[in-house]
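*Asks:* Following this message is one structure expressed as structure tokens.
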Amino acid sequence: MRFYLDHAAGSPLRPAVADRVSAIALEPGNPSSLHSAGRAARARLEDARERLAAALDAHPTEIVFTSGGTEADNLAVLGAARARESGRPRVAVSAIEHPAVAQAAASLGDRAVRVPVAPSGVAELAAWAAALDATCALASLMWVNNETGAVQPVSAVADLAHAVGAWAHSDAVAALGHVPVSFASSGLDLLSVSAHKVGGPVGIGALVVRRGLELAPLGFGGGQERLLRSGTVPVTLAVGLACAAEAAVAEPAAEVSRLGGLRDRISAGLAGLPGVTLNSRPDGSPAIVNATFEGCRADDLLLLLDAAGVDCSTGSACTAGVHQPSEVLLAMGRTRAQASGSLRFSLGWSSTDADADALLAALPDALARAHAANA
Amino acid sequence: MRVLVAMSGGVDSAVAAARLVDDGHEVTGVHLALNRNPEAYRSGARGCCSLEDSNDARRAADIVGIPFYVWDLSERFATDVVDDFVAEYAAGRTPNPCLRCNEKIKFAAVLERGLALGFEALATGHYAHLTRSGELVQLRRAADAAKDQSYVLGVLAQEQLRHSLFPLYGTPKAQVRAEAAARGLPVAHKPDSHDICFISDGDTAGFLTRALGERPGEIVDADGVAVGTHAGSHQFTVGQRRGLRLGVPAPDGRPRYVLAISAADNTVTVGAREGLAVSTMRCIRPTWTGEARAGEWRGLVQVRAHGEPMPARLTASGGEVVIELDAPASGIAPGQAAVYYDDDLVVGASTIAATS
């Protein structure tokens, strides 16, 4: 028996989504074709688009299907940078973004501005006000941080961006299904989502692009998705995304309460262990717990928990299989040792009390051994 | 037993892991990331621990069916092995980094970490044979004499050997490759890595020059007369014939060899082949595989990874081991390890400090 506590890396495919996807997977037709099979595929695609838009409180014309959250983030950051380059060369991104935003911004060299975050892991409005000016094309601040679960003031930063004429983007990949996400009331111009974080298939996501925004495409081809994302749209996957998103927002209060309860059990259990500090906040995502384990290497804890049947993560990127210290925790002012001694436990649609039980049962022994191995 | 296998991405460690699983152990594979700036691809037989090697190890673990992790020991490796390598050359000695790695990294840092995490043993793909005599663990040569790696394990002591496993002890290399192929391991035909793992282009002199810079000095003959110049004494090793660039041939027309290196005055002494002959070695920092020895005994001495075992009289006293070879040998460099054997049994090792 294994206990999966890494939903922030991806949730298993929801059975209802699997059913829907297999029902149509064998249907032929390129949605761009004008004949009967093409029109049928197109109809399925547009139906998915409308349902996803409803789930995100956006207009169907604002949905651009992509290959996932990473592509959506790249399109937002680099598409804005490219579209507005003359006159607005700069892009401002927070210091705690997912690499899909951070690396896209980094590729712009000194055109990118990194806006620091408070030690709490929440963005500070004063820092954003100072960073934004009329040379900025875009401000990008994620809605929920995928490592710590910290909820960010995206609407307030969107206002600051608009005040200087910049566009506002938010990576909502970790937010969807866990906090209320309404594109229309957010004030945002661009929003990224990913299917497999909410129990949909891997390989599909969307960028919500406000009507009238003249974003530049990054790739070229048949001009699909309003010229913004050429390539045959994978209808089956798009249907999977729409189904998963609908399921994720179907009963928000109940799900938030359920996940929050599990999160609180885990947080309370961790707080009772020696040398453990929580990096996630009570007002953060109900689905993420992040803690630093003093005197331990996260790698060792991961190995031990893995051996005990518990799947979790350090939350931060791997280079060649070697975990790097968490950039997010470093940006929050933690030391390298702390940023290398932290783990993330994340919940999703299939999480149960058994997962929390297994983790809490495995931790004391794992902690003791990890300490010994780091002595 | 819960066994940790160090998987380099090569065929030996892959087969070692597979055999341990067959033997019923609970096996976990770990690849050691030793290079701070790993290259993406493995370039033939040179170098090791590129990202490609890491992936090869991962795939082998997938096929063998065991958990797999990568441990970043690059900082420690840099300090304990690479910096030591450079420092030894700077001091005019010839180090053996593979021995140092086994001594400080594989059977120290990795073994200790593994034991603390609950593993009972560390296994590798080394060709060496462990036997027991009562409570003592014995280290012996592997069945495949040409591949035998007991020399580089000669610095290990009881605490390490007690928790080590070398599953390939009794199998010739060719058979190991055949076994890998039969097991469906893609690394069955991957070339072995030679030379020094952290010098992937094989250019040791170039590596040392980048690390130590150029320090021009004199090349002198056995009488101390200058016969040439060099760009750094660290570019030479005792016994070397190539790369001397002396310009003027020796009076007797015969080739000259590096006889000695003095880091202190940055001189390299060259001379005829006879000057390389060594009969006696004074060695320091002895380690013992089993019980420490004192006094005199006869045994076989090896001073290179795949060198000839040489009959000798050994005398251990006061923290030193003096080795008197029955027959003179050529080109033995201070800094190298002397590993002594009773037949195929490893007795111990020490570092050659001086030769005569």
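The values are calculated or read from the model by the stated rules, or taken from the named source; none is laboratory data. It should be emphasised that the depicted structure is a prediction, and the values quoted were computed from it without experimental measurement. Note that we place each Cβ from the backbone using ideal geometry, even for glycine, and neighbour counts take in every protein chain shown.
*Asks:* Search the stretch A:309-367 for residues being on the phi > 0 side of the Ramachandran plot and more than 14 Å from every other protein chain (Cβ to nearest Cβ), and hand back the single one that is surrounded by the most Cβ atoms within 10 Å (Cβ to Cβ). Step through it out loud before you land on a result.
*Replies:* Kept after step one, since they are on the phi > 0 side of the Ramachandran plot, are these residues of the stretch A:309-367: A:309, A:315, A:320-321, A:333.
In the following step, the residues that additionally are more than 14 Å from every other protein chain (Cβ to nearest Cβ) were identified as A:315, A:333.
Values: A:315: 26, A:333: 14.
Filtering the stretch A:309-367 for residues that are on the phi > 0 side of the Ramachandran plot and more than 14 Å from every other protein chain (Cβ to nearest Cβ), the one surrounded by the most Cβ atoms within 10 Å (Cβ to Cβ) comes out as A:315.
*Asks:* Within the stretch A:194-238, can you find the residues that are among the basic types (Lys, Arg) and in contact with a strand residue (DSSP E or B) (Cβ under 6 Å, 6 or more places away or on another chain)?
*Replies:* In the first step, residues of the stretch A:194-238 are kept if they are among the basic types (Lys, Arg); the result is A:197, A:210-211, A:226, A:229.
Across the stretch A:194-238, the qualifying residue is only A:229.
*Asks:* Still on this structure, please answer the following. With respect to the numbered conditions (1) surrounded by 20 or more Cβ atoms within 10 Å (Cβ to Cβ); (2) touching a His at 6+ places or on another chain (Cβ under 9 Å); (3) over 22 Å from residue A:173 (Cβ atoms); (4) more than 14 Å from chain B (Cβ to nearest Cβ), which one is the sole condition not fulfilled by residue A:275?
*Replies:* If we test residue A:275 against (1) surrounded by 20 or more Cβ atoms within 10 Å (Cβ to Cβ); (2) touching a His at 6+ places or on another chain (Cβ under 9 Å); (3) over 22 Å from residue A:173 (Cβ atoms); (4) more than 14 Å from chain B (Cβ to nearest Cβ), just (1) comes out false.
*Asks:* Would you say residue A:265 is out of contact with any strand residue (DSSP E or B) (no Cβ under 9 Å at 6 or more places or on another chain), in the same structural domain as residue A:344 (by TED's automatic domain parsing) and either modelled with pLDDT of 95 or more or surrounded by fewer than 20 Cβ atoms within 10 Å (Cβ to Cβ) (or both)? Step through it out loud before you land on a result.
*Replies:* Numbers: out of contact with any strand residue (DSSP E or B) (no Cβ under 9 Å at 6 or more places or on another chain): yes; in the same structural domain as residue A:344 (by TED's automatic domain parsing): yes; either modelled with pLDDT of 95 or more or surrounded by fewer than 20 Cβ atoms within 10 Å (Cβ to Cβ) (or both): yes.
The answer is yes for residue A:265.
*Asks:* Against the conditions (1) in contact (Cβ under 8 Å) with a residue 40 or more places away in the chain; (2) away from every other protein chain (no Cβ under 14 Å); (3) closer than 26 Å to residue B:151 by Cβ, where does residue B:64 fall short? Just the number, please.
*Replies:* Of everything listed in (1) in contact (Cβ under 8 Å) with a residue 40 or more places away in the chain; (2) away from every other protein chain (no Cβ under 14 Å); (3) closer than 26 Å to residue B:151 by Cβ, residue B:64 misses just condition (3).
*Asks:* When you check residue A:95 against the structure, is it small (Gly, Ala, Ser), surrounded by fewer than 22 Cβ atoms within 10 Å (Cβ to Cβ) and touching a residue at least 24 places away in the same chain (Cβ under 8 Å), yes or no?
*Replies:* Details: small (Gly, Ala, Ser): yes; surrounded by fewer than 22 Cβ atoms within 10 Å (Cβ to Cβ): yes; touching a residue at least 24 places away in the same chain (Cβ under 8 Å): yes.
Yes, satisfied.
*Asks:* So is residue B:90 surrounded by fewer than 19 Cβ atoms within 10 Å (Cβ to Cβ), away from chain A (no Cβ under 13 Å), touching a residue at least 12 places away in the same chain (Cβ under 8 Å) and not β-branched (Val, Ile, Thr) or not? Before you say what the answer is, go through the steps one by one.
*Replies:* On the way: surrounded by fewer than 19 Cβ atoms within 10 Å (Cβ to Cβ): yes; away from chain A (no Cβ under 13 Å): yes; touching a residue at least 12 places away in the same chain (Cβ under 8 Å): yes; not β-branched (Val, Ile, Thr): yes.
Against the criterion (surrounded by fewer than 19 Cβ atoms within 10 Å (Cβ to Cβ), away from chain A (no Cβ under 13 Å), touching a residue at least 12 places away in the same chain (Cβ under 8 Å) and not β-branched (Val, Ile, Thr)), residue B:90 qualifies.
*Asks:* Which condition from (1) crowded, with 19+ Cβ neighbours inside 10 Å; (2) more than 10 Å from every other protein chain (Cβ to nearest Cβ); (3) within 23 Å of the chain's Cα centre (by Cα) is the one that residue B:73 breaks?
*Replies:* The failed condition is (2).
*Asks:* When you go through (1) within 14 Å of chain B (Cβ to nearest Cβ); (2) assigned to a loop (DSSP other than H, G, I, E, B); (3) not charged (D, E, K, R) one by one for residue A:284, which number turns out not to apply?
*Replies:* Here residue A:284 meets the rest and fails (1).
*Asks:* Which of (1) outside any strand (DSSP E or B); (2) in contact with a helix residue (DSSP H, G or I) (Cβ under 7 Å, 6 or more places away or on another chain) does residue A:91 not meet, given it meets every other one?
*Replies:* (1)
*Asks:* Could you tell me which numbered condition residue A:292 fails, if it satisfies all but one of (1) in contact with a Gly (Cβ under 8 Å, 6 or more places away or on another chain); (2) among the hydroxyl-bearing types (Ser, Thr, Tyr); (3) within 14 Å of chain B (Cβ to nearest Cβ)?
*Replies:* (3)
*Asks:* Here's a follow-up. Restricting the search to the stretch A:51-85, which residues are closer than 19 Å to residue A:197 by Cα, hydroxyl-bearing (Ser, Thr, Tyr) and surrounded by fewer than 24 Cβ atoms within 10 Å (Cβ to Cβ)?
*Replies:* A:67, A:70
*Asks:* Among B:119, B:198, B:166, B:207, which is among the aromatic types (Phe, Trp, Tyr) and within 14 Å of another protein chain (Cβ to nearest Cβ)?
*Replies:* Values: B:198 fails: within 14 Å of another protein chain (Cβ to nearest Cβ); B:166 fails: within 14 Å of another protein chain (Cβ to nearest Cβ); B:207 fails: within 14 Å of another protein chain (Cβ to nearest Cβ).
That would be B:119, the only listed residue that is among the aromatic types (Phe, Trp, Tyr) and within 14 Å of another protein chain (Cβ to nearest Cβ).
*Asks:* Can you pull out every residue in the stretch B:312-330 that is surrounded by fewer than 22 Cβ atoms within 10 Å (Cβ to Cβ) and within 20 Å of residue B:274 (Cα to Cα)?
*Replies:* Residues satisfying the conditions are B:324, B:325, B:326, B:327, B:328, B:329, B:330.
*Asks:* Looking at A:148, A:232, can you tell me which residue is part of a loop (DSSP other than H, G, I, E, B) and surrounded by fewer than 24 Cβ atoms within 10 Å (Cβ to Cβ)? Break it down stepwise before answering.
*Replies:* On the way: A:148 fails: surrounded by fewer than 24 Cβ atoms within 10 Å (Cβ to Cβ).
Checking each option against the conditions leaves just A:232.
*Asks:* The conditions are (1) among the small types (Gly, Ala, Ser); (2) surrounded by 15 or more Cβ atoms within 10 Å (Cβ to Cβ); (3) out of contact with any helix residue (DSSP H, G or I) (no Cβ under 6 Å at 6 or more places or on another chain); (4) free of Cβ contacts under 8 Å to residues at least 60 places away in the same chain, and residue B:200 fails exactly one of them. Which is it?
*Replies:* Exception for residue B:200: condition (4).
*Asks:* Within the stretch A:1-22, track down each residue that is of a type outside the set (A, V, I, L, M, F, W, C), under 17 Å from the mean Cα position of the chain (by Cα) and in a helix (DSSP H, G or I).
*Replies:* A:7
*Asks:* When the stretch A:46-65 is examined, which residues are found to be among the aliphatic types (A, V, I, L, M) and either in a helix (DSSP H, G or I) or at pLDDT below 95 (or both)?
*Replies:* A:48, A:52, A:53, A:54, A:55, A:56
*Asks:* May I ask you to verify whether residue B:333 is buried (at least 19 other Cβ atoms within 10 Å of the Cβ), within 18 Å of the chain's Cα centre (by Cα) and closer than 21 Å to residue B:138 by Cβ? It would help to see each step written out before you state the result.
*Replies:* On the way: buried (at least 19 other Cβ atoms within 10 Å of the Cβ): yes; within 18 Å of the chain's Cα centre (by Cα): yes; closer than 21 Å to residue B:138 by Cβ: no.
Judged against the criteria, residue B:333 is not a match.
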